[in-house]
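These notes are about the structure you will find just below.
Please treat every number below as a calculation from the coordinates, not as lab data. Fair warning: this is a prediction, and the values are worked out from it, not measured in the lab. All Cβ positions, even for glycine, are placed from backbone atoms using ideal geometry, and neighbour counts span all protein chains on display.
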Amino acid sequence: QRPILRLLSCPGTVAEDLRRDEQPSGSVETGFEDKIPRKRFSEMQNERREQAQRTVLIRCPEKISEKKFLKYLSQHGPINNHFFYESFGLYAVVEFCRKESVGSLQNGTRTPSMAMETAIPFRSRFLSLKLKNQTSEQSCIQSSDQLPPSNRKLFEILCYAESIDDQLNTLLKEFQLTEENTKLRYLTCSLIEDIAAAYFPDCVVRPFGSSVNTFGKLGCDLDMFLDLDETRNLSTHKTSGNFLTEFQVKNVPSERIATQKILSVIGECLDHFGPGCVGVQKILNARCPLVRFSHQASGFQCDLTTNNRIALTSSELLYIYGTLDSRVRALVFGIRCWARAHSLTSSIPGAWITNFSLTMMVIFFLQRRSPPILPTLDSLKTLADAEDKCIIEGNNCTFVRDLNRIKPSGNTETLELLLKEFFEYFGNFAFNKNSINIRQGREQNKPDSSPLYIQNPFETSLNISKNVSQSQLQKFVDLAQESAWVLQQKDTDRLSVSNNQPWGLAAILLPTVPNRRSFTKKKRKRSANESVRNLLESLKSNRTANFTETNEK
Ligand code: GTP
Ligand code: MG
């Protein structure tokens, strides 16, 4: 069970202004907000990391005066911003204007002495604030709940929305990561970096995945990447003379073993010395070795990996796609929520579709619109300049990093149409013979017999949905067809239902749909037709395959 994370907002903070600016505008015609120059992923990551290094996490007493609290901390230097949240207790995130203030605060902080246990001294930026004498302080902190809405509340909000477009934008607004939540994610990475730095002083712990790719939902896990490139590439600068120096190091037989060894010690370190790190599991035999743990104070379930630069690059690519057009995120959130509601996705790994695969499917679908809403990865590659050139482990990961150089789409389709068409498109997709490929933005013949084949955009010989079973894919197809049908019915129209009846997006999130029987009948008929068609197609493609094979021999 994850602790409940409630953020207590400070009215009028920079954070709120930022959040207001981030609201998706329902009235945007193409969804392409071209007014503000948009930050590169690396710029955004560096800024946030630097902010996090000036920030401390403080466990506070139950009742506290915000004014006195800030006055006390200001002794160490001016505070840039702060917020409170609840997660089995009251916590504050305080960002100083200068990094030195953190050192000053730490210098005035002591290691607790305990009666029964012994504290392991560790000078971290996760502190506890105690009251010297037990005078009861007045709590003046305004509480504002930042949890995503409950299912019940979500249905209510969706039913009162004006249109399906409005429903999707509302869903996005309610579920997306808030400014404070994002800050807490970067701070958590920064605190873990302090621990890992005990072994690797030049390491960087970077968040990746949905925490940073613009598709994160409140409550999603925190994927972290232990970046040791600084250590690896240290002293590449030229020195004069005919000599060069190298570190004496231990050697291991493979990159994988090196990764396992590094994660193993970091895992031990987190377990023994990491304040607030609990339930540390070392999952070193996985395809991508990782250390999983809970960071109690932030409430985040964390996955720490290393040697995973391609995943960071995938996050950057998704960041670009998510930022290019506001319809992308709204549609992805809607589809992810739909998939979760029907148990097509799960927090447990298994034979089901992942959020990552679903996002790729939405991107692919948006590349297939006419005119396309999103550019293909190959076209992003042609826009790249010398600075964007990037080869990771022999894979070409080059694409344009500057968002402002990508031409906006002229497509003005509504979210409502896109949602319907998404279900229609994938409800009838020839999964038996075609693969999804966002690099080229068109279907290709499947290179193997995996039920669902989504080409890994960077390691192009891999399938990111290799785990998906035929029955899970069938469930997805059935539900997509069913939802397309529900959205086509007149009674899902906002105007034809009374206020508290699920319609539009709300109707397709329900496990059972109205008039399901008549749909099932129609579907059965269609399925029969489709089965015949699929059989003919597979015979045809087998014949073509055999024909090519014979010719090539
Ligand atoms: P959530 O479900 O919200 O956590 O989405 P997520 O995008 O963070 O997914 P997840 O935590 O499962 O994985 C984190 C990141 O790892 C993803 O964003 C991808 O960049 C990468 N990733 C996940 N699964 C795969 C996969 O099967 N293949 C590859 N190449 N990368 C993956
Ligand atoms: Mg994740």
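Taking amide H as placed 1.01 Å from N in the peptide plane, the amide H of residue 147 sits under 5 Å from that of 7, each at least 5 places away or on another chain. In order along segment 173-182, the Karplus-derived 3J(HN,Hα) couplings, from 6.51 cos²θ - 1.76 cosθ + 1.60 at θ = phi - 60°, round to 4, 6, 9, 5, 5, 7, 4, 5, 5, 5 Hz, and Gly and Pro are given as x.
In this structure, the amide hydrogen of residue 462, modeled 1.01 Å from its nitrogen in the peptide plane, lies closer than 5 angstrom to those of 456, counting only residues at least 5 positions away or on a different chain.
The slack in the chain from residue 128 to residue 341, taken as 0.36 nm per residue of separation less the alpha-carbon distance, amounts to 72.8 nm. Distant-in-sequence amide contacts of residue 392, defined by a placed amide H-H separation under 5 Å and a gap of 5 or more residues or a different chain, comprise 397. Taken one residue at a time, the phi angles of segment 421-438 give Karplus couplings (6.51, -1.76, 1.60, θ = phi - 60°) of 5, 4, 5, 4, 4, 7, x, 10, 6, 7, 4, 5, 10, 10, 10, 9, 9, 7 Hz. Gly and Pro are set to x.
With θ taken as phi - 60° and the Karplus curve 6.51 cos²θ - 1.76 cosθ + 1.60 applied, the whole-hertz 3J(HN,Hα) list for segment 100-112 is 4, 4, 5, x, 4, 5, 5, 5, x, 10, 10, 7, x Hz, x standing for glycine and proline. Stretched out straight at 0.36 nm per residue, the stretch from residue 478 to residue 444 would grow longer than its current Cα-Cα span by 10.0 nm. Placing a pseudo-label 7 Å from each Cα along the Cα-to-Cβ vector at residue 271 and residue 63 gives an inter-label distance of 4.2 nm.
Under the combined filter of DSSP loop state and at most 14 neighbouring Cβ atoms within 10 Å, segment 321-420 retains these GluC sites (Glu not before Pro): 393. FRET efficiency for the residue 229 to residue 106 pair, using the beta carbon distance and R₀ = 22 Å, is estimated at 0.20.
What pairs from 39/173; 67/130; 282/381; 153/420 go past 26 Å between their alpha carbons? Beyond 26 Å: 282/381.
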